[in-house]
Amino acid sequence: MSAHTPHELAEIFPRDAIALRRLKQTDAHVARLAERHHQVDRAIHRIEAGVEAACDTRLETLRKERLHLLDTIAAILEQAPAG
């Protein structure tokens, strides 16, 4: 996967794809986190692909936000019941 490819959560957490889908449907907080990750990841993709201009600071801020979102989602998935 190249750096210029958007990263879907199911691809990032393949072992937890079912739990993630279930949580997005039943937990509004997880749904908001997933949606925000989608927005941030797409913004990063547009900047990296040269479709949208942004300064280095903006790109770095978005990358840090994406990492924080992924860490938060990973922590929630660790606590989620199996199955």
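Values quoted throughout were computed directly from the atomic coordinates according to the rules given, and no laboratory measurement underlies them. Since we're looking at a predicted model, the values are computed, not measured. Heads up, the Cβs are rebuilt from the backbone with ideal geometry, glycines too, and the neighbour counts pull from every protein chain shown.
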Handout entry: More than 18 Å apart - percent of Cα-Cα pairs taken over the chain
Key = 42
Exercise for the section: Would you grab the residues whose amide H sits under 5 Å from the one on residue 52? Only those 5+ places off in sequence or on another chain, please, with H modelled 1.01 Å from N. Expected result: 47
Handout entry: GNM top mover of 66, 42, 32 - the chain, alpha-carbon springs below 10 Å
Key = 32
Handout entry: Fully extended contour minus Cα-Cα distance, from residue 56 to residue 71, at 0.36 nm per residue
Key = 3.2 nm
Practice task
Highest first, please rank the peptides 70-77, 8-15 by the mean number of other Cβ atoms sitting within 10 Å of their residues.
Solution key: 70-77, 8-15
